[in-house]
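A.B. asks: This structure is in structure tokens; I'll ask about it shortly.
The values are calculated or read from the model by the stated rules, or taken from the named source; none is laboratory data. Here the structure is a predicted model, which means the values were calculated and not measured. Note that we place each Cβ from the backbone using ideal geometry, even for glycine, and neighbour counts take in every protein chain shown. To get the accessible areas, we keep the full protein, side chains included, count just its heavy atoms, and leave off ligands, DNA and RNA. Shrake-Rupley method; radii C 1.70, N 1.55, O 1.52, S 1.80 Å.
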Amino acid sequence: MSCSSFFYQYFRCYSPVAFPKKWDPEGNFIRKYIPALKKLPAKYIYEPWKAPIATQKEAGVQIGKDYPKPIVTHEVISKENMNKMSIAYAAHKESKEG
């Protein structure tokens with residue numbers, strides 16, 4: 001599902017963590033296309049920044065060096081974006097009616 005201005009159901013914004021955990025719990029897709037994360041335990045494959053330093057060392061990856069740290073907190077930013085989209089859709093609807 002999209003979560004953009006091009007999709008009228010903007011409120012259906014799937015989590016980049018919960019959604020893949022449900023459909024690929026072992027993280028095979030991630031392991032295939034992001035080699036830096038391939039040795040991480042499944043528990044951390046979708047949130048590697050939560051892996052303890054010891055686990056990162058065992059997996060041969062250092063978050064912030066071999067793989068970037070998160071640039072946003074999805075739980076927070078997705079709600080902010082949905083609110084902004086709600087305001088934009090309401091303004092558009094009002095402009096058509098007014």
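A.B. asks: Is there a residue in region 32-43 that is at pLDDT below 95 and part of a loop (DSSP other than H, G, I, E, B)?
C.D. replies: In the first step, residues of region 32-43 are kept if they are at pLDDT below 95; the result is none.
No: zero hits.
A.B. asks: Tally time: how many residues in region 43-57 are open to solvent by 30 Å² or more (accessible area, probe 1.4 Å) and of a type outside the set (S, T, Y)? Before you say what the answer is, go through the steps one by one.
C.D. replies: Going through region 43-57, the residues open to solvent by 30 Å² or more (accessible area, probe 1.4 Å) turn out to be 43-44, 49-50, 52-54, 57.
Add one more test, that the residue is of a type outside the set (S, T, Y), and what stays is 43, 49-50, 52-54, 57.
Final tally of qualifying residues: 7.
A.B. asks: Still on this structure, please answer the following. I need the full set of residues from region 58-91 which are over 22 Å from P25 (Cα atoms), open to solvent by 100 Å² or more (accessible area, probe 1.4 Å) and either in a helix (DSSP H, G or I) or in contact with a Lys or Arg (Cβ under 7 Å, 6 or more places away or on another chain) (or both), in order please.
C.D. replies: K79, K84, I87
A.B. asks: Another question, then. Just one of F29, F19, F11 is open to solvent by 50 Å² or more (accessible area, probe 1.4 Å), assigned to a helix (DSSP H, G or I) and modelled with pLDDT under 95; which is it? If you could, list the steps in order and put the result at the bottom.
C.D. replies: Working: F29 fails: modelled with pLDDT under 95; F11 fails: assigned to a helix (DSSP H, G or I).
One residue alone meets the criteria, F19.
A.B. asks: Further question: Being basic (K, R) and under 16 Å from the mean Cα position of the chain (by Cα) is true for just one of K65, K38, K50. Which residue is that?
C.D. replies: Details: K65 fails: under 16 Å from the mean Cα position of the chain (by Cα); K38 fails: under 16 Å from the mean Cα position of the chain (by Cα).
Being basic (K, R) and under 16 Å from the mean Cα position of the chain (by Cα) holds for just one of K65, K38, K50, which is K50.
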